[in-house]
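One structure is given below, encoded as structure tokens.
The values are calculated or read from the model by the stated rules, or taken from the named source; none is laboratory data. All figures in this text were calculated on a predicted structure; none of them were measured in a lab. Glycine gets a Cβ as well: all are built from the backbone with ideal geometry, and neighbour counts include every protein chain shown. Quick note on the areas: whole protein, heavy atoms, side chains included, nothing else; ligands and nucleic acids left out. Shrake-Rupley method; radii C 1.70, N 1.55, O 1.52, S 1.80 Å.
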Amino acid sequence: MITSRIPGFYNMTVEERRELLASKHVFDDEKKGHSLEQDALPVTTADNMIENVIGTYPLPLGLGLNFLINGKDYIVPMAIEEPSVVASASHIAKIVRNAGGFTTEATGRVMIGQIQVVGCPDMEAAKKTLLAEKDALINDANAAYPSLVARGGGAEDLEVRLLNENSDSKYGKMLVVHVYINTCDAMGANIINTMVESLAPTIEQLTKGKVFLRILSNYADRCLAKAKCVIPPELLATGDFTGEEVRDGVVHAYEFAASDPYRAVTHNKGIMNGIDPIVIATGNDWRAVEAGAHAYAARHGKYSSMTTWSTDDTGNLIGELELPMSVGTVGGSIRVHPMAQVAHNMLNVESAEELAQVIVSVGLAQNLGALKALVTDGIQKGHMALHSRSVAMAAGATGEMIDIIAEQLIKQKEIRVGKAKELVEEYIK
Ligand code: NDP
């Protein structure tokens, strides 16, 4: 694996970047690096993935660089349309790298399958019966997916919850069975759904109730990944701002997000700016990750910041991010989407647990990138510099004209398509 420090990558042409990566064997073979567009997703493959296909919808794929996590280098594939995100992640990863890198941990790969039972004549008695049959139910669930058990995973535990015990509505009262399943390196939605569906007839028999829903929970709070960084303030200094000023600004910004849902939503959106692109690039289900992450941000009863930022006794800035991370390195679209396979090869992770830890590290970096900009120059300076290029393109600029028009827009502090059109017309004259 090559280092993820690639100075000057930003200034190379796309072709030069591909050549470099191919020469370092970052792609699994040289050909793949040169055929990223044509092989990205053949329409015949897409037609077998979803319904009513009429084409494919490409996104830019950039690389987050400089990531050092638990002493290992990662080149991070990021599929995203928003400017600045990849640059910002790489910038912060470089700072964290100089501070020793990210450290991470994970709780394991236990996902939850839910079975909803209604209409039991005696809910308490039904619960007791199910718990008495716990081992048999776990065995039955595993019998529905023996290959998972053979890999060292499978159903491990089972709990029964009573919801709305005192509800007067005939629809309110229910019993919910939670089956805890180690899905190994798969995200596990289909695996879990197969397992819980197989239990439904037995559960109806045991409870004398009716089973309705049998599906995984995307609130994967037993499949957590956590990233941490410790940054000496001197590494945070920028422009006219001292490292201490930036550090204190970041902690103040965190306290704002921790106290106010209006701010927390935007704060967390910035975290997902880092998380979604790698989840998408690796062929994972970003809706599932999004849903779980936001629910986890509200786990204490109020929607709050996903990250925490504080200082230690020596004045270092400490950042932490813990989230449910139901991602896989196998299964789902990963096995059919050629770009997902390229992304996994680039990342070089050995397990879903390792992938989850890389993802939260990127989310933490992205958060610091946004906060550092917000508490210093403001977000627009960096953002608009890149945004100006797409504004120039929207106004009809092509080739070398794009950079020229973008530069003029920034200079004149008017990054609007209308203004860009005027400049393009002048340029063409
Ligand atoms: P799959 O149905 O593809 O199952 C994963 C397969 O990978 C397993 O069946 C297993 O097959 C194989 N496998 C190979 N190696 C391993 C390993 N080391 N660990 C585990 N499995 C391995 O995908 P998932 O069950 O992961 O489901 C993910 C998909 O489900 C995503 O596309 C998601 O969008 C979708 N989905 C999401 C839902 C949600 O979030 N609410 C709901 C429904 C679907 P074998 O054992 O036969 O070798």
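Taking a 1.4 Å probe, which of Met401, Met78 shows the most accessible area, and what order do the others take after it? Numbers along the way, then the final one.
Numbers: Met401 20, Met78 0 Å².
Final ranking, largest accessible area leading: Met401, Met78.
Reported value for segment 381-428: 57 Å³ per residue, from the convex hull of its C-alpha atoms. Per residue, the average separation of C-alpha pairs within less than 8 Å and at least 6 apart gives segment 69-173 a relative contact order of 20 percent.
Scanning residues 5 or more positions from Met111 or on other chains, those with amide H under 5 Å from its amide H are Ile181, Asn182, Thr183, with H placed 1.01 Å from N in the peptide plane.
For segment 136-229, GluC sites (Glu not before Pro) are listed when DSSP marks them as loop and at most 15 other Cβ atoms sit within 10 Å of their Cβ; the list is Glu165. Only aspartates and glutamates eight or more places from Lys411 in sequence, or on another chain, were considered; those with a Cα closer than 19 Å are Asp377, Glu400, Asp403, Glu422, Glu425, Glu426. The spread of Cα positions in segment 110-217, taken along each principal axis and listed from longest to shortest, comes to 45, 23, 17 Å. The long axis of helix 134-143 is offset from the longest Cα principal axis of the chain by roughly 60 degrees. If you run the Gaussian network model on the chain, springs between alpha carbon atoms under 10 Å, then out of Ala144, Ala343, Ala293 the most flexible one is Ala144.
Pick from Asp313, Asp221, Asp276 the residue whose mean-square fluctuation is largest in a GNM of the chain, springs joining Cα atoms under 10 Å. Evaluated over the chain, the most mobile residue of the options is Asp313.
Going through the cross-link list Lys269/Lys421; Lys302/Lys381; Lys127/Lys170; Lys72/Lys302, which pairs have a Cα-Cα distance over 28 Å in this structure? Too far apart for the 28 Å limit: Lys269/Lys421; Lys302/Lys381; Lys72/Lys302. Accessible surface of Thr308, taken over heavy atoms with a 1.4 Å probe and every protein chain present, rounds to 60 Å².
When the chain is modelled as a GNM with alpha-carbon springs shorter than 10 Å, which of Ile271, Ile92, Ile138 fluctuates the most? Highest fluctuation among the options: Ile138. Computed in the context of the full set of protein chains, the accessible area of segment 381-428 at 1.4 Å probe radius has 55% of its extent on carbon or sulfur. Protein heavy-atom accessible surface, 1.4 Å probe, per residue over segment 119-277: 50 Å². Which of rounded, prolate or oblate describes the chain when judged by the alpha-carbon gyration tensor and an a/c cut-off of 1.5? Note, shape of the chain comes out prolate.
Using C-alpha pairs under 8 Å with a sequence gap of at least 6, the mean separation divided by the residue count of the chain gives a relative contact order of 18 percent.
On a 1.4 Å probe surface of the protein chains, which of Trp309, Trp286 comes out largest in accessible area, and what is the full order? Don't jump to the answer; show the numbers that get you there.
Numbers: Trp309 5, Trp286 100 Å².
So, going from the largest accessible area down, we get Trp286, Trp309.
Qualifying GluC sites (Glu not before Pro) in segment 394-429, where qualification requires a DSSP coil assignment and no more than 13 other C-beta atoms within 10 Å, comprise Glu400.
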